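The values are calculated or read from the model by the stated rules, or taken from the named source; none is laboratory data. Keep in mind the model is a prediction, meaning the values are calculated, not measured. No Cβ is skipped: glycine too gets one built from the backbone with ideal geometry, and neighbour counts run over all protein chains shown.
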Amino acid sequence: MSFRMQLITFVLSAVEFNLYYAVTADCIFRVTNNETEKYLPVPLYNTSSEYDLAIPHEGLIHLQKGQNISLSCSGQRNYVRQTNSNVTSVTCLENDKVKLYRQTYKFEQIQCKRIVKGSVRSINETCGNNEGIIHQIGYPVTKCDWVTLITLCYQPKIGNTLFSQHTLHGREIKFASKNKYRPGFSTAGENENITASLVYKQTYQKSTFSSILGSSRLANNYINTKSYLARGHLSPDADFLLATAQFSTYYYVNAAPQWQSINNANWKSVENTVRILAVNYGDLNIITGTFGVLSYNDVNDNLKEIYLGINNILPVPKYFWKVAYDIKTQKGIAFVVVNDPYVKSVNEDVFCEDICIANGFTKKSWKEISTGYVFCCSVSDFRHKVKTLPKLDVSGILTIDQSTMRYLLEEDL
């Protein structure tokens, strides 16, 4: 089926879906791109055994009359303004009206005292080939209930995150929040020996490079006004639908040192490309990680590994990678970015057969070293090298045709 026919089919299905809800839904609440979304509680469906994140359709949540939805305002000194509690339940009346403690409100009136940006907790389970410990970014609902947004495989001793994992709802991404507010990065869950807010300052990085390389002159070649290491998001804010979920990506444990010239160029392009894939395939499992440690020659021409913290804490990754996996078709692909804008040749750095072009990923800029050289691997080839990747049952490659690529790039996801 051509992409145009796919698009027509998708549009007709969406129209049919909306007509169905127009007839059957008694309440419709807008939860993205409204004036109050910054302080919107996290909407949750409360099943008999657990809470689940409510995933909106086209930015809307639909409920039947009498149906309940839970609203959570997690975080310190945070609560639902109308109840002074962290979580409350409202009942659909009609249109945008809900009942809360015998009072009637518009849904958008139910607000948190503070912005919700999630919490971090550590789980006593190993991950990443037993090299890391599972951390989760999510929302504590009750003393016993927790809703996970992002799963992380973190190495506490060295402050490195091996990978993050989240679900990308591709068919809804066009309706994601466009809220421009961005919170500062939080140190919650981070190695206590790392002053994360300090190590990402350019003056500190220049001092660190001088110490490692034994030369301030060499350090100046790498760290200057145009070149420095930024906080490279693993699970990016733009992959999430609700403003509260986007805010919840701003944790240092969900980032790693990445050259700014790469962060704002080919890494950003890879993130956009994965969202394009998700529009085509639907919900995708996205696993994003780091691999290896970047090395540069010191003043004596000896290779030295680069760490931003003292005592070999917070390594600068040699690679950033992102695996997109469709659980329905069991297809996947790995995108790998060389985190080194100064390497003269990447011939020895490409560790798999590069399958980018063969599968429709033809961006010429991906082969520019200065903005982060990108290559693609089959998931099986990738796993041979990066053994920290979680187990996935993969039987094929995620591909994209050129008409879809061109069309969707014009849509500016």
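Of the residues making up the stretch 239-285, those that are more than 17 Å from Lys178 (Cα to Cα), of a type in the set (Gly, Ala, Ser) and out of contact with any Ser or Thr (no Cβ under 8 Å at 6 or more places or on another chain) are Ala278, Gly282.
Just one of (1) out of contact with any helix residue (DSSP H, G or I) (no Cβ under 8 Å at 6 or more places or on another chain); (2) buried (at least 22 other Cβ atoms within 10 Å of the Cβ); (3) without any contact (Cβ under 8 Å) to a residue 60 or more places away in the chain fails for Arg383. It is (2). Taking the listed residues Lys113, Lys106, the one that is more than 23 Å from the chain's Cα centre (by Cα) and under 30 Å from Ser197 (Cβ atoms) is Lys113, with no other qualifying. May I ask you to verify whether Asn359 is within 27 Å of Thr167 (Cβ to Cβ), polar (S, T, N, Q) and at pLDDT below 95? No: the conditions fail for Asn359. Would it be correct to say that Lys143 is at pLDDT 95 or above, of a type in the set (Lys, Arg) and at negative phi? No: the conditions fail for Lys143.
Answer yes or no as to whether Ile55 is at pLDDT 90 or above and β-branched (Val, Ile, Thr). When the stated conditions are applied, Ile55 passes them. One residue stands out in the stretch 186-210 among those that are outside any helix (DSSP H, G or I), touching a residue at least 12 places away in the same chain (Cβ under 8 Å) and closer than 20 Å to Gly132 by Cβ: the one that is nearest to the chain's Cα centre (by Cα), namely Ser186. Here the stretch 37-52 is the region considered, the condition is being surrounded by 15 or more Cβ atoms within 10 Å (Cβ to Cβ) and more than 22 Å from the chain's Cα centre (by Cα), and the residue that is modelled with the highest pLDDT is Tyr45.
Here is the figure for the stretch 331-361: residues that are loosely packed, with under 13 Cβ neighbours inside 10 Å and either under 24 Å from the mean Cα position of the chain (by Cα) or within 17 Å of Phe291 (Cβ to Cβ) (or both) total 1. Is there a residue in the stretch 115-138 that is modelled with pLDDT of 95 or more, in contact with a Cys (Cβ under 8 Å, 6 or more places away or on another chain) and among the hydroxyl-bearing types (Ser, Thr, Tyr)? The answer is no; no qualifying residue exists. Taking the conditions exactly as written (in a strand (DSSP E or B), more than 20 Å from the chain's Cα centre (by Cα) and not basic (Lys, Arg)), does Tyr319 satisfy them or not? No. The residues on offer are Ser235, Ser164, Ser248, Ser177, and the sole one that is crowded, with 22+ Cβ neighbours inside 10 Å and in contact with a Lys or Arg (Cβ under 6 Å, 6 or more places away or on another chain) is Ser248.
Asn285 - would you say it is crowded, with 22+ Cβ neighbours inside 10 Å, on the phi < 0 side of the Ramachandran plot, of a type outside the set (Ser, Thr, Tyr) and within 21 Å of the chain's Cα centre (by Cα)? Spelling it out, it is not the case that Asn285 is crowded, with 22+ Cβ neighbours inside 10 Å, on the phi < 0 side of the Ramachandran plot, of a type outside the set (Ser, Thr, Tyr) and within 21 Å of the chain's Cα centre (by Cα). For the stretch 211-232, a tally of residues being farther than 16 Å from Gly309 by Cβ, free of Cβ contacts under 8 Å to residues at least 24 places away in the same chain and among the hydroxyl-bearing types (Ser, Thr, Tyr) returns 2.
Filtered by the rule that a residue be touching a residue at least 60 places away in the same chain (Cβ under 8 Å) and assigned to a loop (DSSP other than H, G, I, E, B), the stretch 73-112 gives Ser74, Asp96, Ile110, Gln111.
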